[in-house]
Amino acid sequence: MSATSPASEQFPVRVFGGPTAHFEYGGLRFLTDPTFDAPGDYPRPGHPLLVKTAPASGSPADLGRVDVVLLSHDEHADNLDNSGRALLADIPLTLTTPAGGRRLGDRAKGLADWESIELDRPGGGTITVTGVPALHGPGTREEVEAIVGQVVGFVLTGEGLPTVYVSGDNASLDMVKEIAERFAPVDTAILFAGAPRFPVVFDGELIVLDSAQAAEAAKILGARRVVPVHYDSWAHFTEGRDELVAAFTTAGLAGRLQMG
């Protein structure tokens, strides 16, 4: 682990709203779960209605070059909407779930749990992206994936680079503990939060971390900085900015929280 200070290791992360964040790491430019549609409804037969309530804080034109999309899953519009899906056609590589990789075509690659890919850095050397476990609801993996499908998180590492964790839509602190066993301490954790719930799915139980759990995840990971995403812009979130700030303050971690 580098002996430099946390501040010197931190790179800018631009949050666009919902799950969408953009950052440069090791000379490559990454984008998480692209969602740039205007507010509106997303009906899907047999599934709860998704309602987007606010636009993104920018447009795809503001991104500049994007080298890699880190897509936690492709099946829900609040993680990949219509404009986000169109954007993938112009990006060289999308990393996602194994099932999503098959659905999205030649420019997508699915990563199973603990599977890694090496990406060449522009100035030499490589970045390792490792797929890590995520569970989009309560219960066993079989039970959850039968209802909402696969989800994957990501850990980024490289020689002389900080360790970055992107959680995806994960509701399991046990899985966070597994990730911490391999990668902690983490320099930057991009944590999906918002305490989303649907009364008709899992009896209204959480399908992603709530604010207190996000603070607990930060402790487990030894995260030096937490950038929360996916806590606004959609009607199914039950907690937002105020709850996140309060939870991290209560946990004594307010100084590690960076709100987008």
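Can you spot a residue in segment 209-219 that is within 20 Å of Arg14 (Cβ to Cβ) and either free of Cβ contacts under 8 Å to residues at least 40 places away in the same chain or of a type in the set (Lys, Arg) (or both)?
Filtering segment 209-219 for residues within 20 Å of Arg14 (Cβ to Cβ) gives 214.
Right, trim to either free of Cβ contacts under 8 Å to residues at least 40 places away in the same chain or of a type in the set (Lys, Arg) (or both) and you get 214.
Looking through segment 209-219, at least one residue is within 20 Å of Arg14 (Cβ to Cβ) and either free of Cβ contacts under 8 Å to residues at least 40 places away in the same chain or of a type in the set (Lys, Arg) (or both).
The rows are residues; the columns are (1) out of contact with any helix residue (DSSP H, G or I) (no Cβ under 9 Å at 6 or more places or on another chain); (2) buried (at least 16 other Cβ atoms within 10 Å of the Cβ).
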site	(1), (2)
Leu111	no, yes
Thr128	yes, no
Pro138	no, no
Leu156	yes, yes
Gly160	yes, no
Ala171	no, yes
Lys177	no, no
Ala180	no, yes
Pro185	no, no
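Quick one: which of Ala7, Ala21, Ala3, Ala56 is closer than 20 Å to Asn170 by Cβ and either touching a Ser or Thr at 6+ places or on another chain (Cβ under 9 Å) or modelled with pLDDT under 95 (or both)?
That would be Ala21, the only listed residue that is closer than 20 Å to Asn170 by Cβ and either touching a Ser or Thr at 6+ places or on another chain (Cβ under 9 Å) or modelled with pLDDT under 95 (or both).
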**Request:** Mind checking which strands (runs of 3 or more DSSP E) fall wholly inside segment 74-184 and carry at least 1 residues that are closer than 22 Å to Phe16 by Cα?
**Result:** 93-96, 152-157, 164-166
**Message:** Out of everything in segment 58-73 that is assigned to a loop (DSSP other than H, G, I, E, B) and in contact (Cβ under 8 Å) with a residue 60 or more places away in the chain, what residue ends up being nearest to Gly131 (Cα to Cα)?
**Reply:** Ser72
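Are any of the residues in segment 247-254 more than 20 Å from Thr130 (Cβ to Cβ), of a type in the set (Phe, Trp, Tyr), in a loop (DSSP other than H, G, I, E, B) and touching a Ser or Thr at 6+ places or on another chain (Cβ under 9 Å)?
no
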**Item:** Residues located in segment 211-246, provided they are modelled with pLDDT of 95 or more and assigned to a strand (DSSP E or B)
**Value:** Arg225, Val226, Val227, Pro228, Val229
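Output the number of residues of segment 27-37 satisfying the condition of being assigned to a loop (DSSP other than H, G, I, E, B) and either over 22 Å from the mean Cα position of the chain (by Cα) or under 30 Å from Glu118 (Cα atoms) (or both).
Counting residues in segment 27-37 that are assigned to a loop (DSSP other than H, G, I, E, B) and either over 22 Å from the mean Cα position of the chain (by Cα) or under 30 Å from Glu118 (Cα atoms) (or both) gives 5.
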**Request:** For Ala134, work out the one condition from (1) closer than 25 Å to Ala212 by Cα; (2) more than 17 Å from the chain's Cα centre (by Cα); (3) of a type outside the set (Asp, Glu) it doesn't fulfil.
**Result:** (2)
**Fill in**
Apart from one, (1) over 17 Å from the mean Cα position of the chain (by Cα); (2) in contact (Cβ under 8 Å) with a residue 24 or more places away in the chain all hold for Gly40; the odd one out is (2)
**Request:** Please determine, by comparing only the residues of segment 38-50 that are surrounded by 15 or more Cβ atoms within 10 Å (Cβ to Cβ) and in a strand (DSSP E or B), which one is modelled with the lowest pLDDT.
**Result:** Leu50
**Message:** Leu31 - would you say it is touching a helix residue (DSSP H, G or I) at 6+ places or on another chain (Cβ under 9 Å), of a type in the set (A, V, I, L, M, F, W, C) and more than 18 Å from Ala235 (Cβ to Cβ)?
**Reply:** yes
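Condition first: at positive phi, of a type outside the set (D, E, K, R) and in contact with a strand residue (DSSP E or B) (Cβ under 7 Å, 6 or more places away or on another chain). Can you find one or more residues in segment 179-190 that meet it?
No, every residue in segment 179-190 fails to be at positive phi, of a type outside the set (D, E, K, R) and in contact with a strand residue (DSSP E or B) (Cβ under 7 Å, 6 or more places away or on another chain).
The values are calculated or read from the model by the stated rules, or taken from the named source; none is laboratory data. Since this is a predicted model, take the numbers as computed values, not measurements. Don't worry about glycine lacking a Cβ; one is built from the backbone with ideal geometry, like all the others, and counts go over all protein chains shown.
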